[in-house]
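Nothing in this text is a laboratory measurement; each read-out follows from the coordinates by a stated rule. Keep in mind the model is a prediction, meaning the values are calculated, not measured. Glycine also receives a Cβ, built like all others from the backbone with ideal geometry; neighbour counts cover every protein chain displayed.
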Amino acid sequence: MTPPPALRFEGSARIGGTPVFGPISLCAGAGEWTCLLGTSGVGKTTLLRLIAGVDEVTEFSGMIRASDGVPLHGRLALMAQDDLLMPWLSVIDNVLLGARLRGEQPDRTRAAKVLDQTGLTRHAGKKPRALSGGQRQRAALARTLMEDRPVLLLDEPFSALDAVTRAQMQDLTARLLRGRTVLMVTHDPAEAVRLGDAIQVMAPDGLSAVPPPSGPAPRPADASEVLKAQAALLASLRQSA
Amino acid sequence: MTTGSTFPRQARRAAWLLGSLVLALGLWQSVVWLAVPPPYILPGPVEVAAEFIASGQMILRHAGFTLTEVILGLLLGTVLGAGSAVALAASRVARALLRPIMVFSQAIPVFVIAPILMLWFGYGIWPKVMMALLIIYFPVTSAFFDALMRTPQPWLDLARVMGAHRGRVMRHVRIPAALPGLASGLRLAAVYAPIGVIISEWVGASRGIGYLVLWANSRSKVDLMFATTMTLAAMTLLLYAAVDAACRRWLDRPGS
């Protein structure tokens, strides 16, 4: 993996002439975890899809680039709310999907290591339907890790999980993705203050930064500073709505 | 799904099937008892069963020929239909060029094509196989193509971000995701293919179920016509069940 660059996004988006969001400027720091919050429909997912290069509907004017000047294509990985596991493939084959799709030799040794890191070794041969929601999302994380990309785009990856599984997934993901440039869309202020090195609130009139609590992520959810930051973030979100 | 819950469901289904068969036979026998039609118009189920026992060997021999033609037609039609669907899904040019031809071909009734096929391929097995192929080609292509065009967009986005090649997305994502659609087409094909073969056997054949029905008709052997027709129906049902079972088994592990 190349050293993670910072991610810069500047511009505005429209669909069929209707503005999705106005001119905004976002920078996700190199090797940092940036959380993007905002009310539904404000354009967070559109922004993420534009960066991923998979949005063919939105008209975008502006620039999206990495701080090192190298094109982003091929240096991104995507993790969504839906695990996007192929139901006909076993867990290990899902983890190796990227290599197969690029026509590369699948590295089974690395895949086994990634499955070990995500605690899925026992489930390697199972089909996704035999897994719980948390295990499926861990398999999606394993697939993301296997891609070994410096920039990661996460679109509410934990929002469909129960509270305990979500907290476990947050810890695991924070540990395993440490050192990469992560841009995560989330609706959950508690999640943002636990995981974010930077927090941005997106509103129709632009972005505003909210200071994260001090200390390395993942932060304890019950620490007073974390709880205070969560309250401040919620207030900021309500103000932006 | 556990075996414990599957077995009673299958047993219940079998019981209902048996019940509807008994009901149909009962209705048929009641009509014969009540209306008392002459046996050369409507024989009763008992007479038909007796005829099947008497001429069973001959009926089954002809059924064997028909079944061979149906299976060959099914295999060729499936290969051609699935191949066409993939080509159509993969290429905009193929879609623009071939879809109008395919739709136009469906506007020609297969009955009209049967004599032409005989003219081209003779009286042997091939016009029958071609007829089965033609009749199943569109349903197989159409069902598989529709499914290929409905791959969930998030899967395609994921593949794109992974840097996938187009051909490999087709092979590793779109085709496996569309196999249930192909299976629907194959189930339809299992029912349609015998129709194509029978039409072709009517037009010109010296063996097969279609030939035997016409032969029995020309000799007013109505009970033989019924016994042959029932054999064809049973054959089609068994073929459907076999294709359905194969599809279910296959879909349980389509990517492996």
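Could you give the dipole magnitude of the stretch A:85-148 about its Cα centre, charging the beta-carbon of Lys and Arg +1 and that of Asp and Glu -1, in debye to the nearest 20?
With only Lys, Arg, Asp and Glu charged at Cβ, the dipole is about 280 debye.
What is the distance, in nm, between label points placed 7 Å from the Cα along the Cα-to-Cβ direction at B:Ala15 and at A:Ala231?
Distance between the two pseudo-spin positions: 6.5 nm.
Report, in degrees rounded to the nearest 10, the 0 to 90 angle that the Cα long axis of helix A:163-176 makes with the longest principal axis of chain A.
80 degrees
Using Stokes-Einstein with the Kirkwood hydrodynamic radius over Cα pairs, what translational diffusion coefficient do you get for the stretch B:126-256 at 20 °C and a viscosity of 1.002 mPa s, in µm²/s rounded to a whole number? Intermediate results must be reported in sequence, preceding the final value.
On the way: Rh = 17.1 Å.
Result for D is 125 µm²/s.
To the nearest Å, what is the center-to-center distance of the stretch A:120-151 and the stretch A:1-38, using C-alpha atoms only?
27 Å
Would you please state the base-10 log of I(q)/I(0) at q = 0.24 1/Å for the stretch A:75-189, with intensities from the Debye formula using one equal scatterer on every alpha carbon?
Values, matching the q order: -1.58.
Please identify the DSSP H helices in chain B that span no less than 18 Å along the helix axis (Cα) and have a mean Kyte-Doolittle hydropathy of 0.5 or more.
Within chain B the helices that satisfy the rule are B:3-35, B:45-90, B:92-106, B:126-148, B:175-203, B:222-251.
Tell me the mean residue ellipticity at 222 nm calculated for chain B from its helices only (DSSP H runs of n ≥ 4, each -39500 (n - 2.57), averaged over every residue, nearest 500).
Per the formula, -28500 deg cm²/dmol.
Which residue, B:Met225, B:Met58, B:Met118, tops the fluctuation ranking in a GNM of chain B built on C-alpha contacts under 10 Å?
B:Met58
Express in whole angstrom the spacing between the alpha-carbon centres of the stretch B:195-256 and the stretch A:49-113.
Between the Cα centres of the stretch B:195-256 and the stretch A:49-113 lies a distance of 49 Å.
Counting only DSSP beta bridges with both residues in chain A, tell me the antiparallel percent, nearest 5.
For chain A, the DSSP antiparallel bridge percentage is about 55.
Roughly how big is the stretch A:19-82's charge dipole about its Cα centre, with Cβ charges of +1 (Lys, Arg) and -1 (Asp, Glu), in debye to the nearest 20? Show your work: numbers first, answer last.
Numbers: 4 positive and 6 negative charges, 19 e Å.
For this selection, approximately 100 debye.
Taking the Cα atoms only, what angle lies between the long axis of helix A:224-240 and the longest principal axis of chain A, rounded to 10 degrees?
Between helix and principal axis, roughly 60 degrees.
Can you tell me the alpha carbon radius of gyration of chain A divided by the globular rule-of-thumb value 2.2 N^0.38 Å? Before the final figure, lay out each step's value.
Values: Rg = 17.8 Å, N = 241, 2.2 N^0.38 = 17.7 Å.
Against the compact-globule rule of thumb, the ratio is 1.01.
Taking R0 as 30 Å, what FRET efficiency do you get between A:Arg178 and A:Arg129 from their Cβ-Cβ distance, rounded to the nearest 0.05?
0.45
About the Cα centre, and with charges only on the beta carbon of Lys, Arg (+1) and Asp, Glu (-1), how big is the dipole of chain B? Nearest 20 debye, please. Mind showing how you got there, number by number?
On the way: 21 positive and 9 negative charges, 219 e Å.
Here the size comes out at about 1060 debye.
If I model a spin label at A:Ile15 and B:Ser206 as a point 7 Å from the Cα along the Cα→Cβ vector, what separation in nanometres do I get?
Here the answer is 6.8 nm between the modelled labels.
What fraction of the DSSP beta bridges in the protein assembly as shown is antiparallel, stated in percent and rounded to the nearest 5? If you can, show how the numbers build up before the last one.
Working: 21 of 39 bridges.
Around 55 percent of the beta bridges assigned by DSSP in the protein assembly as shown are antiparallel ones.
Report the one residue of A:Thr181, A:Gln230, A:Ala209 whose Cα lies farthest in the direction of the positive end of the charge dipole of the stretch A:176-241 (charges on C-beta: Lys and Arg +1, Asp and Glu -1; origin at the Cα centre).
Value computed over the given set: A:Thr181.
Can you pull the Rg over Rh of the stretch B:41-251, Cα-only, Kirkwood?
Radius of gyration over Kirkwood radius for the stretch B:41-251 works out to 1.09.
At what distance in angstrom do the alpha carbon centres of the stretch B:20-40 and the stretch A:173-195 lie from each other?
74 Å
Taking Cα atoms, how many degrees apart are the long axis of helix A:133-147 and the longest axis of chain A, rounded to 10 and kept between 0 and 90?
For helix A:133-147, the angle is close to 90 degrees.
What relative contact order, as a whole-number percentage, does the stretch B:88-164 give when Cα pairs under 8 Å and 6 or more residues apart are counted?
Reported relative contact order: 30 percent.
What number, rounded to the nearest 500 deg cm²/dmol, is the helix-based mean residue ellipticity at 222 nm of chain A, given -39500 (n - 2.57) per DSSP H run of at least four residues and division by all its residues?
Helix-only estimate at 222 nm: -10000 deg cm²/dmol.
Would you kindly calculate the translational diffusion coefficient of the protein assembly as shown, applying Stokes-Einstein with the Kirkwood radius from alpha carbon pairs, for 4 °C and a viscosity of 1.567 mPa s, and quote it in µm² s⁻¹ without decimals? Spell out each step's value before the answer.
On the way: Rh = 27.4 Å.
The calculation lands on 47 µm²/s.
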